[in-house]
Every structure is written in C-alpha cells, then in structure tokens.
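A.B. asks: This structure is in structure tokens; I'll ask about it shortly.
Read-outs: derived from the displayed coordinates by stated rules, not from any lab. No experiment lies behind these values; they were computed from the predicted model shown. Neighbour counts run over all protein chains shown; Cβ positions are idealised from the backbone, glycine included.
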Amino acid sequence: MTDGQDDVDALLPLPAAAFHILLALIAGDCHGYGIIQDVEARTGGALRLSPGTLYRTIQRLLEQGLIEEPRRPTRAKADPRRRYYRLTPFGSAVARAETRRLTELVRLARHVWRVAPESS
Amino acid sequence: MIPLYRALLRLYPASFRLEYGDEMTEVFAQACADASLPGRIGLVLRAFGDETFNAAAVHWAILIQDLRYTARTLNRARGFALTAILVTALGVGANTAAFSVADFVLLRPLPFPDPDSLAMLCEGPRTGGGGTWGCMNELSPANYRDLKTMSASFQAMGAYWGGAINLVGGGEPRRLGITSVTPEVLPLLGVAPVLGRVFGPADDDRNSIVISYGLWQSQFGGDPDVLGRKVNLDGAAYTIIGVMPATFYFPERTSQIWNELTLKPQDFEDRTNTYIHAVARLGPGVAFEHARAELESLAARMSRDYPETNAETGVSFFRMRDNMSPRFRVMLIALGGATLCLLLLTCANLANLLLARATARERELAVRAALGAGKERLVRQLITESVILTVLGGVTGVALAAVSVPLFSSLVPPTLPLATQPSLDLRVLALAVAFTALTGLGFGLLPSLRAGRRTEFDALRDTTRAGGGRKQRVRAILVTVEVAMSVILLITSGLLIRSVWHVQAIDPGFVPQHVLTLTTALPRPKYDDAVRRNQFYERVVAEVRGLPGVQSAAFTTGLPMVITGLITGVEVPGQEVRPRRSAGASHRWVTPDYFKTMGIPLRRGRDVENSDTAQRQWVAVVSASFAERYWPGQDPIGKTFRHLDHTRTVVGVVGDVKVRGLERTSEPQMYLPALQAPEGLPGGFDPKDLVIRHSGQGDALVSAVRQIVHAVDKEQPISNVRTMEEVLATDTATRRAQLQVLGVLAAVAVLLSGVGIYGLLAYTVSQRSLEIGVRLALGAEPARVGRMIVADGLRLALFGIVPGVFCAYAAARGMTALLFGIAPGDPATFAAAVGLALLMALAGSFLPARRAVRVSPMSVLRAE
C-alpha cells in the first residue's frame, strides 16, 4: 500500500466511526471491545459503537490498508483468544490528515464567528 | 440473549459472519456483562436496529464490488457478453411479443362486463354441428324475432347489421363504418357511454346516432359540447346523442357510428332474406350449453313450422370470444409453440455459453479459492454476473418486443371487438422479468455450483489434457436440443412458405396489374333514381377514360375478395328450384367495360352495354361455371332465368373469378347491367367501386380522378383508393404475416444452433489440441483430422435432426388448418429443412475443423 498524498486525500473526509477507531489505535494495538470502551470513554459516553458498526468499519479499514491485524500484539497483557488491530503508517497519515482537515474547518468557523455582527 | 444475537448475525453475508461473527458475539456478551438489567434490554433493542442497518450496508458493499468486478470481466470477454445478451434478448423478446398477442386474442376477457355470458347467434346448418364458430348465413328478422321471443335462456338479445355511410360536412367527406343496432344491443353489452346516452326503448331515436371515441376525437376535436350536434349522413340529418368510451368496439373495430335499427312489419315477411346478426347475454346462472340446446330445439321447431324456408336452417351459437376464424387460433397456438421452441433454444444456447465460460474460468476460480475467497463469495459473484447479463438481455428483449408487437397485429382477427394493436401491458412485462430472472439464476447457478465444488486444487492441476467427460456430454445434449428446435421451426415455416406459394399460384380470374380502384358509394335517397345514378356513372367513366394513360374504366357493386357476399337464388325455367343457401350465385351490377378493365376474359357473346336499359330486354352476363351448372353441355346464350322477380336472358359468358378469395370455393357469378336494377333495391346493391385500367403509374391518376368525381358531385366522398394488386395482396396478407413471423423465428433458430455447434466444436478443438498435435506429429493426415471434426459436427446435428423431424411432423399435423395444397408430411419440405440443418452444421464445424488442421504439433507440445 502506498501512502502518497493523493491516496490519503481520496479517503477524506473519514466517517466519524472510522476516525474514532483510528484515534483509539494511536495508543497501541487494541481489540474490538477495547476500541468500543476507549471511544466511549473519550467521548464521555456520547458515542457508543455497536458491534456491527465497529466490525463493518474495521473490515473497510483493513481493506483500505489503514489498519492491520498483527501476528502478535504489542500490549503486555494481550489476550491470545482475541483479535487485535494496529494502525498502519498509512492509517496514521490518514488520521493526521483528517485531524488537519477538521482543525482547518474549525479555524474557518471561528473566524466567521469573530467577524459576525453582534446581532447574529 | 446471546443466541438471539447470533440469530441476528444471520442477516450478514456468510463471509462476513465467518470472519467477525465470533468477535462480535464476544463484544456483545461483554457489553451485556458490564451493563445492568435495564441496560441489557436497551442493548438488545439497539442491536436489532444496528445489525439490520449494518448487515444491509455490508451486502451493499459486496454488491458494488461484484458489479465492478463483473463490469471488468465482461468488458474483457465482450464477445461472450454480447452474445449472451443478444441470445437472452431474442428469447425474452420473441416470447413477450408472442405472449402479448396470444393473451390479447385468446386469453384476456373481452372489454365488456361479464364477457363470458355474451354470445352471438346466426344461421347454421340444420344438421346441427354448429361447432365453435362460423355462420352459414346471417339471420332473417322473422327468425330472429321468433328465437328471441321463444327462448328463455337470455336476459337480453338484440340485433344489428353493419354497413358504411358517407359523412358530409366538417372537412373532406368521409366514408365511415356504421352499425344499426336495436335498442337492446348497447345496454346488454354493459358499457356506458362517456358522454350522453344510448338508444332507449322509449325514445324516438330514428335520427339519433352514438359515435365512437375515435370519431369524436378525429372529426369533432373531442368537443365536450358535441351532444346535440347535427351531422349529415348519406344526405340525412342525424343528431349525436352519445359518445362511447375509447376501448369500446362493436361489432368490429371499423364501426365508428351506431344508429337505431328499427324493423318494420314488412321486414318480417321473407324468412330467406337474411341480413341481421344477433347478440345476446345469457341469463344469470344459465349455462352456455343449456342455451345452445334450447336454441337447437327451437330451430327444429321452426323448420317444422316453416318447411319451405327453414327446412335446411339451423342455429349457429357461439361465445363472442370465439367469433374468429379457427385459423387465427391455430396460428396463435403455432406462434406460441414456435416461440417456445425459440425460448428452449435460446436457453440451451445461453446455458451452453455460460457452461463454456465456467469451464474456461475454472482455473481463475480455483486460483481465487486458493487465495482465500470463500465458496459463498465465488458463487455470489457468478450469480451477480449472470443476473447482470440476463437483466441486460431482458431489457433489450422487452425493447425488442415493444418494437415487434406491431408486426404481429395482423394476427389479431378483425372479427373480434378489439383494437388492432395489443399493447405490452404490465403483466406481460412481469412475465418477461420472471423469464429473465429464471434464466439468469438457473444458468448462473449451474456453473457456479460446480465452481463452488471445485475448491480443491484439481482445477489448478488440470491441463488441457482433461477435455471431454460429463460436462462435454451436457453441452452436446444442449446443442442437440438446439438443432432439434431449429429443425421444427424450419419444417413448419417451410410448409407455410409452400402453402403461400400454392395460394399465390392460383389464378384469381382477373388480371390485377395496372388496375386502380376506389369507392364512391352514392348516398340514398339522393340517388334513389336509377337514371340519376347512371348519369353519375357515365360522366365519371367518360371523363376518367379521357385521362392520359387510361384504357378503360367501369363501376361494379363490389370488388371480388372485398365483397364476398351478394349471394342470391336463381330459378331456371324447367329446372327444379335449388336452395339459395347451398346453391346460390353471386351477383353484381356493373357498367360496360367491367370485364375489359378487370381482365376477365369474355368467352362468348357480348358485354353489358349502355343500351341495356330498363325498357329493353333484361339481360345478364354469366360466368362459365354458372352456364355449366344450369345448362351443362349447351350453348347458354339466349337462355333465360329468373332473378329477384325478373326474367333475364343470358347474352354473354365470362371466365370465373375467385370472388370469395383464392383459397375458397366461390359461387358461380352473374353480372347485371347497372340500368336494369329492380325498383326499390336497397342502395347497397348500387355499383360503387370504380375500377380503372391504365398503362402508367396509378398514383398519378388518383388526384385527377378525385377532381373528376368532385366536379360531378362535390359532396361525394372517395374512399378505399388502392390498386387491384393490393386487393389481391390483402387476400394473402394474413398468410404472409404468419409466414414472416415464423420465418424470422426459423432463421434466428438456424443461426443460433449454428453458433451452438460452432461453439462446442471450437471448444473441443482447443481442448483436444494436444491430442491433435500428437496425432499430426505421428503422421496423421491433416485432412483426416479435419474430417474427424466435421464428422463430430454432423453427428451432433443428426442426433438433433431425428427427434426434430418427428416433432415437426406432429406440429405440422396440428396446424393442418394453416396449410394449403400441401400435406403435413410433405417430403420435399422435410428434405429441404434437413438439408438446411446439415448445411448449418457443416458451416458451424468448418472453422473449428480448419483450426484443427492448422494445429502446429511443435507449438502445442512446447506449450506443455
């Protein structure tokens, strides 16, 4: 899988579920339930992925080469019966690009609010 | 709760479930374990919505993937894809079109409420046997009245008779079909008018008319205030009181106006004057056969009561649905059979194509299976591919059907109250879709099942050595079926071709070339006076004859093959009176030069002349068969006979004409001078068809003739402008239409089975190229190898031809009604069809044989 800028841009914007899964994997390899818990904790319970959404997204992320299934997970207390997922360098690039895109968007929005007249 | 979730996972495609099912269950179980009891219930409820949505999303993603893959592979195998689509389109298209027509004519109820209780009655033979269809004669008003009053089986019965009338005013004068109906007729049909009312028993509707929707639109521009408008029909004023709906046709589609039929006391005097039809609706709960039995007993009673007129008269009684010549029914069934043959053939062809492709792709599929593609995914992908192919084929097929249905319109009998053109309706479309889906799934599944089975590495190990075997046999059987079907179609259409040839070879009795004809029906009472009529004829004929290129012109009551009736009885002094019904003669009033114009040979005596006026001796020119019937072996000139209460002297003998059409026996004919018409004869007997013999182009004449007619009488409409050749062609039109349809089907069949043979042999040759290479290397003669392949092709063909010939004979026996002058087992036709089939097999095996001969032993062996 190449990670040229064009390939990265072609995947943006990421669906929210996919972005959260990538974010959850930045800290290290994780299994499905772990991802759900991580996302839930980070969003303060606002986003709770269902197993269907999780694995459907995982399947697509695997196909797109954003994540992979490592032979042996890096975590110390890895449960051998579980399947773990790891962010690929390409996935990391895409997640970073999505972050930049969202930051830019927010920056633009803030600017609009600042110059807007009081009445609005 | 967990089993429930597992069941929910069944919504996902198997491949996804295998991959992630366990994980998902685990995650769900853990979430449940972490949650409180109400939380768990919430989790389950949420799972229902989530998993349904996600499963659909996964299915959709796979479909998109498969579609993309299919588009790529089909683009690579464009020849295969196009052939498959075309073959499917032909099968679906021909069947949809044929079914539309057959359904329209044979199956769909007539457009009247409770159409099964509608029946028609007319005169049939006394001996009963009034089969399913056919009138011997119309009814006389007296017989109609007696049947109506004495029968108890009907809730209503009405009478009608049809004709044509001149509509004057509002643009060019037009000649339109009119039907006079008794007040019972329109209400008993059960169709309400869209505007106004129909005739009622209490109203005085002698000068009222009801018009068709078509006429309302074309002549009156759909004017909503048309009711009460006055129109001029044959010189008399009529008021429009109603408009019938667009789908209403009665008794035939040519009828555009209905007026009231009032029978006067004197109409009931003559029981042999038969001119009205009767239509009836069975009473509630009365069986059709019961009504028929009642009518037959009534007819028996009437022939006892009126032996001098009704001795030979019975009743013919049939459902309105069956009011068509049996030939149309046979033809539609034959058409259905033919398209079914074609469907079988196309299915076999398609199956063969898909099988060949599956075999060719065995390696590809095996590689994909080895790389981890699940069996379910492979099967699913193959099904997607064949469904795509058949959907494309089906859509093309429906388009093909829509285009070809008009070609079939000549197969709709003109005697049914239906529109000319069946439309492709939703049901027919649904049927086509079902066909398409079945073909696609059936033949998509067949190869994919095998592909699914071959998950081991057999296919990878397979080399070109492994040809033959069971699938080859399946393909050979499919090709045999194709050949058999095409032989059936070839033979049956061959028999029809020969029938048309036989019919067209019949001498009509006149020379149709260079004869133009048109109709100018003189309206009564304006032309009640015979002298006035004759002034019209003389002026028109004289001026037309003066036109450049015109050799002669004349008027007649009715063209042969157009007016087939006008049968009357004749009494010859000193001879027993023959019954009019079985031994009548057809008669026409003509102006001089009719025979010369039509090219009817004058055998003896003279033509009708302008000096044959009512004041002179009344004369007649008779046909040869007329003379032979009444005066066998004698000179008929100077002999006399009585006709419509006048004694006439024979002054000339002419050749016989096929008045009733080429295929039917015609009554002997007599021709009477236009000026010698009995007083009070209805206008229908007036000469009205102008025939013109010319030496140039008929088209150029038409406008000149129009001007002449308008100069003589500017209110006189002209209709039915055509050549005598067209009249003759119309007589064989149905046959030729049938032939075209079957001929096209047969040609397609031959082509497809040729392609089938070619495909199979080409495949065999490529599979056996190693064997052939070795043979050649060991010194086999190339010619012998070629002969071997051709022999294979011929053997395949023979296996199909033998059953095909038997089936064709059975089919031909079933369609004897369509054959003319030819036996269903005509050896020449069979031989020609078999020859054609063999030729097609030879052509199909030629290319593969040539390829086999050119196999290079070195390159084949090197490739191993």
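A.B. asks: Can you check what the net charge comes to around B:H277, using other residues whose Cβ is under 12 Å from the Cβ of B:H277 (Lys, Arg +1; Asp, Glu -1)? Write down the numbers at each step before the final one.
C.D. replies: Values: positive: none; negative: B:E123, B:E138, B:E252.
In short, -3.
A.B. asks: Can you pull the one-decimal nm distance between simple spin-label points at B:R532 and B:A614, each 7 Å off the Cα toward Cβ?
C.D. replies: 1.3
A.B. asks: Put one equal scatterer on each alpha carbon of the stretch B:2-76, apply the Debye formula with no solvent term, and list log10 I(q)/I(0) at q = 0.11, 0.14, 0.17 1/Å to two decimals.
C.D. replies: At q = 0.11, 0.14, 0.17 Å⁻¹ the computed log10 ratios are -0.37, -0.53, -0.69.
A.B. asks: With bins 20 Å wide starting at 0, give me the P(r) of chain B over every alpha carbon pair, in whole percents.
C.D. replies: Pair shares across the bins are 12, 33, 28, 18, 8, 1, 0.
A.B. asks: Continuing with this model, one more query. Work out how far the C-alpha atoms of the stretch B:135-322 reach from end to end along every principal axis, then list the three figures in whole Å, largest first.
C.D. replies: Sorted from largest, the Cα extents of the stretch B:135-322 read 54, 35, 30 Å.
A.B. asks: Where does the stretch B:161-262 land on Rg(C-alpha)/(2.2 N^0.38 Å)?
C.D. replies: Output field value: 0.96.
A.B. asks: In chain B, what % of DSSP beta bridges are antiparallel (nearest 5)?
C.D. replies: Numbers: 65 of 84 bridges.
Looking only at bridges with both residues in chain B, the antiparallel portion is about 75 percent.
A.B. asks: Quick one: net charge around B:Y160, please, counting Lys, Arg +1 and Asp, Glu -1 for every other residue with C-beta under 12 Å from its C-beta.
C.D. replies: Once all neighbours under 12 Å are counted, the net charge is -4.
A.B. asks: Let me ask something else about it. Which whole number gives the average count of other chain Cβ atoms within 10 Å of the Cβ atoms across peptide B:20-33?
C.D. replies: Numbers: counts 9, 2, 2, 9, 7, 1, 7, 14, 4, 2, 6, 6, 0, 0.
Whole-number average of other-chain Cβ neighbours for B:20-33 is 5.
A.B. asks: Could you tell me which residue out of B:Y306, B:Y213, B:W161 lies farthest along the dipole of the stretch B:135-322 toward its positive end? Charges go on the beta carbon: Lys and Arg +1, Asp and Glu -1, centred on the Cα centre.
C.D. replies: So the residue we want is B:Y213.
A.B. asks: Can I ask one more? By how many nm would the segment from B:A783 to B:L263 lengthen if fully extended, with 0.36 nm per residue of separation less the alpha-carbon distance? Write out the running numbers ahead of the final one.
C.D. replies: Numbers: separation 520, 0.36 × 520 = 187.20 nm, distance 8.59 nm.
Value of the extension gain: 178.6 nm.
A.B. asks: Right, here's the next one. Taking 0.36 nm per residue of sequence separation and subtracting the Cα-Cα distance, how much length would be gained by fully extending the chain between B:A399 and B:A832, in nm to one decimal? Don't skip to the answer; put the middle values down first.
C.D. replies: Working: separation 433, 0.36 × 433 = 155.88 nm, distance 3.38 nm.
My answer for the length gained is 152.5 nm.
A.B. asks: Any idea what % of Cα-Cα pairs in the stretch B:278-331 are farther than 12 Å?
C.D. replies: Every Cα pair in the stretch B:278-331 considered, those over 12 Å come to 72 percent.
A.B. asks: How much length is gained if the chain between B:A823 and B:F53 is pulled fully straight, taking 0.36 nm per residue apart and subtracting their Cα-Cα distance, in nm to one decimal? Don't skip to the answer; put the middle values down first.
C.D. replies: Values: separation 770, 0.36 × 770 = 277.20 nm, distance 6.73 nm.
That works out to 270.5 nm of additional length.
A.B. asks: Please list, by residue number, everything in the stretch B:183-208 whose backbone N is under 11 Å from a paramagnetic label point 7 Å out along Cα→Cβ of B:R229.
C.D. replies: No residue passes the distance filter.
A.B. asks: Another question about this same structure. At a threshold of 8 angstrom on Cα-Cα distance, excluding pairs fewer than six apart, so keeping six or more, what relative contact order does chain B reach in percent?
C.D. replies: Values: 1485 pairs, mean separation 132.4, N = 864.
The value is 15 percent.
A.B. asks: Here's something else I'd like to know. For a distance above 29 Å, tell me the whole-number percent of Cα pairs in the stretch B:28-182 that qualify.
C.D. replies: Details: 7851 of 11935 pairs.
Above the 29 Å cut-off, the stretch B:28-182 has 66 percent of its Cα pairs.
A.B. asks: Where does each of B:823-836, B:345-358 land if you order them by average Cβ count within 10 Å, highest first?
C.D. replies: Values: B:823-836: 16.2, B:345-358: 23.7.
Ranked by mean Cβ neighbours within 10 Å, highest first: B:345-358, B:823-836.
A.B. asks: I've got another one for you. Of B:Y238, B:G285, B:G793, which is farthest towards the positive pole of the protein assembly as shown's charge dipole, taken about the Cα centre with +1 and -1 on the beta-carbons of Lys, Arg and Asp, Glu respectively?
C.D. replies: Projecting each Cα onto the dipole axis, the largest value belongs to B:G793.
A.B. asks: Between beta-carbons, use under 10 Å as the cut-off and find the net charge around B:A14, counting Lys and Arg +1, Asp and Glu -1.
C.D. replies: Values: positive: B:R10, B:R17, B:K375, B:R377, B:R380; negative: B:E19, B:E376.
Here the count lands on +3.
A.B. asks: Which value, to two decimals, describes the C-alpha radius of gyration of the stretch B:521-716 once divided by 2.2 N^0.38 Å? Write out the running numbers ahead of the final one.
C.D. replies: On the way: Rg = 16.8 Å, N = 196, 2.2 N^0.38 = 16.3 Å.
Normalised by 2.2 N^0.38 Å, the Cα Rg of the stretch B:521-716 equals 1.03.
A.B. asks: So, R0 is 56 Å and r is the distance between the beta-carbons of B:V500 and B:A246; what FRET efficiency does that work out to, to 0.05? The partial results should precede the final answer.
C.D. replies: Values: r = 36 Å, r/R0 = 0.64.
Calculated transfer efficiency: 0.95.
A.B. asks: Moving to a separate point now. Averaged over peptide B:41-47, how many Cβ atoms belonging to another chain are found within 10 Å of each residue's Cβ?
C.D. replies: Mean shielding count: 1.
A.B. asks: Suppose every K and R has +1 on its Cβ and every D and E has -1 on its Cβ; what is the size of the dipole of the stretch B:614-686 about the Cα centre, in Debye to the nearest 20?
C.D. replies: Computed about the Cα centre, the dipole is about 80 debye.
A.B. asks: Another question, if that's okay. If I model a spin label as a point 7 Å beyond the Cα along the Cα-Cβ vector, how far apart are those points for B:L842 and B:R78 in nm?
C.D. replies: Each label point is offset 7 Å from its Cα along the Cβ direction, giving 3.4 nm.
A.B. asks: Right, another one. To the nearest µm²/s, what D does Stokes-Einstein give for the stretch A:5-115 at 4 °C and 1.567 mPa s, using the Kirkwood radius over alpha carbon pairs as Rh? Mind dumping the intermediate values first?
C.D. replies: Values: Rh = 14.9 Å.
This corresponds to a translational diffusion coefficient of 87 µm²/s.
A.B. asks: Then there's this: Take peptide A:53-60, look around each residue's Cβ out to 10 angstrom, count Cβ atoms belonging to other protein chains, and average those counts.
C.D. replies: Values: counts 5, 6, 10, 12, 2, 3, 6, 3.
The per-residue average across the peptide is 6.
A.B. asks: Additional query: Once you place label points 7 Å from the Cα toward the Cβ at B:N207 and B:T254, how far apart are they in nm?
C.D. replies: 2.9
A.B. asks: Another question, if that's okay. What is the distance in Å between the Cα centroid of the stretch B:621-635 and that of the stretch B:734-772?
C.D. replies: About 57 Å separates the Cα centre of the stretch B:621-635 from the one of the stretch B:734-772.
A.B. asks: Mind listing the Cα extents of the protein assembly as shown along all three principal axes, in Å, largest one first?
C.D. replies: 132, 98, 61
A.B. asks: Restricting to lysine pairs 8 or more places apart or on different chains, what number in the protein assembly as shown have Cα atoms under 28 Å apart?
C.D. replies: Within the protein assembly as shown, the lysine pair count is 16.
A.B. asks: So, one more: To the nearest 20 Debye, how big is the dipole of the protein assembly as shown about its Cα centre, given +1 on the beta carbon of each Lys and Arg and -1 on that of each Asp and Glu?
C.D. replies: Working: 105 positive and 88 negative charges, 813 e Å.
Using only the charged Cβ atoms, the result is roughly 3900 debye.
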